[in-house]
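Engineer: The structure is given below, and queries will be raised subsequently.
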Amino acid sequence: MTAVRTQSSTTNKVLGYPLDVWYVAAWDKEVTRKPMARKVAGRPLALYRTEDGKAVALADACWHRLAPLSMGKTLGKDQIQCPYHGIVYNSAGRCVSMPAQETVNPSATVPSFPVVERYRYVWVWLGDPTKADPGLVPDMHQLDSPEWAGDGETIYAPCNFQLVLDNLMDLTHEEFIHSSSIGQEELSESDFVVTHDDDTVTVARWMFNIDAPPFWLKNMRDKFPGFEGKVDRWQIITFRSPSVINIDVGVAKAGTGAFEGNRSQGVNGFVMNAITPESDKTCHYFWAFMRNYRLDSQLITTQLRNGVHGVFGEDEAMLSAQQAAIDANPDYEFYNLNIDAGGMWVRRLIERQLEAEGRLVPVA
């Protein structure tokens with residue numbers, strides 16, 4: 001493979017994260033009447049629900065002495081009380097009550113951020129609130145569609161969020177890191193096609209007439225008991241700015257038309273990934289594996305979730321080690337192979353978003 005060095009797209013220096021975008025802050029089930037803390041793109045947030053169930057995101061610092069509101073408690077219809085001196089704020093972040101005085105200081109406010117609940121997630125917008133269009137939430141409809149079943153988890157990843165994006169945009173690493181489950185040598189040997197526009201990057205790879213690796217052989221036998229034989233395998237990776245990656249994956253009996261669009265003789269899954277930066281060196285990685293067969297089987301849902309948990313645990317160990325190596329070699333620049341084409345375009349789109357927001361940090 002040919003090594004290509006492109007400083008603008010391969011630096012390991014942190015470029016920052018866009019803010020005029022929707023980030024996943026939590027699974028919807030995580031946000032309750034009891035306030036919780038979550039840092040998103042460098043901003044500590046206090047998340048809670050009002051009495052009528054609406055999710056709220058406030059800056060997690062009281063106006064008075066910066067005490068974390070997430071350590072407080074909810075009151076009344078939509079209020080949250082500071083745990084330190086009892087100052088109370090409504091869901092818009094405006095103070096409605098102060099201890100030991102009747103007059104409320106009009107400057108007593110904390111930032112409140114737009115929130116949307118969609119696809120089992122609570123999304124938050126940290127940038128210009130006038131641009132917070134719910135229509136810009138990336139499509140992840142498989143997560144709550146009745147035509148798909150599955151479950152997921154959250155990984156607290158000790159690495160920059162762009163390292164996770166790199167990992168997901170180039171799945172040839174499966175051959176080496178996940179050799180006991182989903183890896184096989186055909187991943188490196190097969191061709192792939194990269195396409196992109198202003199907001200998305202897609203990497204498509206097909207492997208024909210191959211043996212199914214253990215993970216996919218098990219799934220085929222869940223749908224076709226006793227299955228033996230060759231399969232056609234696909235991976236269609238779609239990035240949506242700034243940090244959502246949906247991966248259309250599956251295998252089908254070889255030569256039965258999957259490539260042409262007939263996947264009836266196979267098993268199809270979607271790996272749903274939302275990677276939310278926490279800091280320059282940490283991120284929240286929300287993932288789920290959804291399938292469109294045997295929808296009523298909780299056993300298969302649990303087995304798939306546990307299986308993917310093990311696979312992603314291997315990724316987490318590598319990403320943690322990679323971040324440590326980057327920290328130890330701060331002036332080193334990455335080199336790219338052909339397989340990095342998708343990840344390079346992702347980095348370019350993120351840089352363009354930062355530039356459009358006037359927040360692109362020059363790389364020395």
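The values are calculated or read from the model by the stated rules, or taken from the named source; none is laboratory data. For clarity, every value in this text was computed on a predicted model and none was experimentally measured. Positions of Cβ are generated from backbone atoms using ideal geometry, with glycine treated the same way; all protein chains shown enter the neighbour counts. Protein only, heavy atoms only, side chains kept; ligands, DNA and RNA dropped before computing areas. Shrake-Rupley method; radii C 1.70, N 1.55, O 1.52, S 1.80 Å.
Engineer: Summing -39500 (n - 2.57) over the DSSP H runs of n ≥ 4 in the chain and dividing by its residue number, what mean residue ellipticity at 222 nm do you reach, to the nearest 500 deg cm²/dmol?
Structural biologist: On the way: 7 runs with 78 residues, N = 364.
Mean residue ellipticity, 222 nm, calculated: -6500 deg cm²/dmol.
Engineer: On to the next question. Label residue 223 and residue 197 with points 7 Å out from Cα along Cα→Cβ: what is the distance between them in nm?
Structural biologist: So the label points at residue 223 and residue 197 sit 2.8 nm apart.
Engineer: Hey, another quick one. Along the Cα-to-C-beta direction of residue 309, a point sits 7 Å from the Cα; which residues of segment 120-154 have their amide N less than 17 Å from that point?
Structural biologist: Of the residues in segment 120-154, 150-154 have backbone N under 17 Å from the label point off residue 309.
Engineer: Between 158, 140, 104, whose Cα lies farthest towards the positive end of the dipole of segment 91-165 when Lys and Arg beta carbons carry +1 and Asp and Glu beta carbons carry -1, centred on the Cα centre?
Structural biologist: 104
Engineer: Hey, any idea what % of segment 227-364's accessible area is carbon plus sulfur with a 1.4 Å probe?
Structural biologist: Numbers: 3070 of 5760 Å².
Within segment 227-364, the accessible surface is 53 percent carbon and sulfur.
Engineer: For the pair residue 338 and residue 144, what calculated FRET efficiency results from E = 1/(1 + (r/R0)^6), where r is the Cβ-Cβ distance and R0 = 51 Å, to the nearest 0.05? Provide the component values of the computation, followed by the final result.
Structural biologist: Details: r = 37 Å, r/R0 = 0.72.
Efficiency, rounded to the nearest 0.05: 0.90.
Engineer: Could you identify which residue out of 117, 278, 51 has the top mean-square fluctuation in a GNM of the chain using Cα springs shorter than 10 Å?
Structural biologist: Judging by the Gaussian network model, the answer is 51.
Engineer: R0 = 35 Å: FRET efficiency of residue 256 with residue 128, Cβ-based, nearest 0.05? Walk me through the numbers before you get to the answer.
Structural biologist: Values: r = 50 Å, r/R0 = 1.42.
Between residue 256 and residue 128 the formula returns 0.10.
Engineer: Roughly how big is the chain's charge dipole about its Cα centre, with Cβ charges of +1 (Lys, Arg) and -1 (Asp, Glu), in debye to the nearest 20? If you can, show how the numbers build up before the last one.
Structural biologist: Details: 34 positive and 46 negative charges, 238 e Å.
It works out to roughly 1140 debye.
Engineer: Of all the accessible heavy-atom surface of segment 129-205, with the other protein chains kept in place and a 1.4 Å probe, what percent is carbon and sulfur? Walk me through the numbers on the way to the answer.
Structural biologist: Details: 1760 of 3480 Å².
Carbon and sulfur together cover 50 percent of it.
Engineer: Relative contact order (percent) for the chain, with alpha-carbon contacts under 8 angstrom and 6 or more residues of separation? Show your work: numbers first, answer last.
Structural biologist: On the way: 750 pairs, mean separation 77.8, N = 364.
Relative CO of the chain lands at 21 percent.
Engineer: Would you mind getting me the FRET efficiency between residue 324 and residue 190? Use the beta-carbon distance for r and R0 = 30 Å, nearest 0.05. Present the calculation step by step, with values, prior to reporting the outcome.
Structural biologist: On the way: r = 32 Å, r/R0 = 1.05.
My answer for the efficiency is 0.40.
Engineer: Taking the full set of protein chains and a 1.4 angstrom probe, give the accessible area of residue 302 in square angstrom, rounded to the nearest 10.
Structural biologist: Counting only protein heavy atoms, residue 302 exposes about 40 Å² to solvent.
Engineer: Next up: Using only the alpha-carbon atoms of segment 290-364 as identical scatterers, what base-10 log of I(q)/I(0) does the Debye formula give at q = 0.18, 0.26, 0.27 Å⁻¹?
Structural biologist: Values returned for q = 0.18, 0.26, 0.27 Å⁻¹ are -0.97, -1.18, -1.19.
Engineer: What accessible area per residue, rounded to a whole number of Å², is obtained for segment 122-235 using a probe radius of 1.4 Å?
Structural biologist: Details: 4920 Å² over 114 residues.
It amounts to 43 Å² per residue over segment 122-235.
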